[in-house]
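A short write-up of the structure that comes next.
What follows draws every value from the coordinates through simple rules; no lab data is involved. Computed from a predicted model, the values in this text were never measured in an experiment. Heads up, the Cβs are rebuilt from the backbone with ideal geometry, glycines too, and the neighbour counts pull from every protein chain shown.
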Amino acid sequence: MRTHRLDREDDATLVEHLEELRQRIMVALAAVAVATAVAFVFHDRILDLLARPLPPGHRHVVALGVTEPFSVSIAVSLYAGILFALPVLLSQAWSFLAPALDAAAERRILLLAVFGVVLGAAGLAFGYGILLPRAVHWLTTYDTTHFRLLVRASSYYSFVTSVLLGVVAVFETPLVVLAAVNLGILTSAGLRRNRRKGYFIVAAVALALPGPDPVTTLLELLPMWALFEGSIWLAVLAERRAAKLSLAGAQA
């Protein structure tokens with residue numbers, strides 16, 4: 001299937017743009033389908049990996065109904081397939097949008113995209129390696145006197161997915177702030193002036209995330225505060241760089 005990237009100089013019609021968009025969507029869907037099929041072949045290893053935060057006695061989760069093992073395996077494989085196909089999805093989206101940008105904007109967006117991928121990977125590692133095990137441990141040992149815990153497969157894997165996605169989204173805070181500063185929605189001066197309100201909002205978000213015990217909440221809160229503070233200083237650097245480029249352009 002041809003997915004030729006248009007050049008900036010190409011004078012394409014609306015029909016040609018729509019045809020290119022259709023082709024790129026087909027490539028993206030094919031990539032997700034292939035990655036999901038591969039993930040399903042290895043779904044037992046993926047399920048074991050996601051069940052590892054559970055205490056040893058609860059790692060064989062309970063399925064209620066004859067279809068639940070298969071439906072959970074398909075859902076987990078689909079999430080894994082989307083994750084594995086993400087480079088293809090991003091490249092197809094970028095190839096479609098890039099011709100509309102000038103060279104300078106293209107470089108900036110590429111740098112932001114790389115920065116976002118690094119932040120997402122860090123959030124995934126933090127959520128799986130630090131946050132999730134402690135949250136699951138506290139929740140499964142909360143009250144063993146009055147409750148006999150049976151971990152249902154669909155509920156558990158849905159919980160794991162929501163926690164990891166939430167942490168990844170939180171770790172993208174600096175990227176969102178930088179984008180808002182570049183668009184003129186936020187300024188570094190405004191962020192510094194409202195720093196206390198920002199810290200309060202971050203604390204409220206940390207309390208709303210899964211993991212209600214104090215240790216887990218603290219583990220969520222500290223990196224979130226660090227990310228928010230880092231976002232402020234990234235905004236300062238971005239504004240200074242933009243001012244220098246503007247001055248250099250004016251002098252030229």
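What's the longest uninterrupted piece of the chain once you rule out the chymotrypsin sites (Phe, Trp or Tyr not before Pro) that are loop residues per DSSP with at most 13 other Cβ within 10 Å? Intermediate values should be presented prior to the final figure.
Working: sites that count: Phe42, Tyr142, Phe147.
Value returned for the longest uninterrupted segment is 148-252.
Between Val205 and Leu49, how high is the FRET efficiency from 1/(1 + (r/R0)^6) when r is the Cβ-Cβ distance and R₀ = 25 Å? Nearest 0.05. Could the numbers behind the result be given before it?
Working: r = 27 Å, r/R0 = 1.08.
Result of the calculation: an efficiency of 0.40.
Couplings 3J(HN,Hα) of segment 130-141, computed from phi: 10, 6, 4, x, 6, 5, 5, 4, 5, 5, 7, 10 Hz, in residue order, whole Hz [Karplus 6.51 cos²θ - 1.76 cosθ + 1.60, θ = phi - 60°; x for Gly and Pro].
The ellipsoid equivalent to the alpha-carbon distribution of segment 37-173 has semi-axes of 36, 19, 10 angstrom, derived from the gyration tensor eigenvalues as √(5λ) and listed largest first. Using a simple spin-label model with pseudo-atoms 7 Å out from Cα toward Cβ, Leu110 and Leu237 lie 2.0 nm apart.
Rg/Rh for the chain (Cα atoms only, Rh after Kirkwood) is 1.05. The tail of the calculated P(r) for segment 137-189, taken as Cα-Cα distances beyond 18 Å, holds 58 percent of the pairs.
For Val62, the amide hydrogen comes within under 5 Å of the amide hydrogens of Val151, Arg152, Ala153, counting only partners 5 or more places away or on other chains and with H modelled in the peptide plane.
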